[in-house]
Amino acid sequence: MRYRTLAVSDPGEPEAIVAADSDYQRTVAAGSAAVSILKDGIASGQLNLSGREQQWLERIENALGSLPAKEDDLRSEMLEQHGQVFDPASYGLPQCSSHN
């Protein structure tokens, strides 16, 4: 299989990832940059995705856009919704006061 390099329209994307304040924010920035690069590839005709794949790309973009700005907010939300199905301490996560 041969791979081609997609041209990146915004060379500032890598800097946005590195400049983020936390690992969580860098992860969200990297995901957003990846979506942007893929969408640029589609728009330029360098990348062809099926309709179903484009729908998934939109879902990923929407999910990334709906993440809270702070990792602690996401952790609290996830513990509230899913804390009963796993032990946060097993993953090195702090216990939420409502789940002790």
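Restricting region 49-76 to residues that are among the acidic types (Asp, Glu) and surrounded by 14 or more Cβ atoms within 10 Å (Cβ to Cβ), which is nearest to Leu93 (Cα to Cα)?
It comes out as Glu71.
Hey, does region 62-80 have a residue that's under 11 Å from the mean Cα position of the chain (by Cα), of a type outside the set (S, T, N, Q) and more than 22 Å from Val18 (Cβ to Cβ)?
Yes, because at least one residue in region 62-80 is under 11 Å from the mean Cα position of the chain (by Cα), of a type outside the set (S, T, N, Q) and more than 22 Å from Val18 (Cβ to Cβ).
Looking at region 34-41, can you tell me whether even one residue there is loosely packed, with under 11 Cβ neighbours inside 10 Å, more than 24 Å from Met78 (Cα to Cα) and not basic (Lys, Arg)?
no
Where residues in region 77-90 are among the hydrophobic types (A, V, I, L, M, F, W, C) and not in a loop (DSSP other than H, G, I, E, B), which of them is surrounded by the most Cβ atoms within 10 Å (Cβ to Cβ)?
Applying the filter and picking the extreme gives Leu79.
Each reported figure results from applying straightforward, stated rules to the coordinates on display, with no laboratory input. What you see is a predicted model, and the numbers here were worked out from it, not measured in a lab. Note that we place each Cβ from the backbone using ideal geometry, even for glycine, and neighbour counts take in every protein chain shown.
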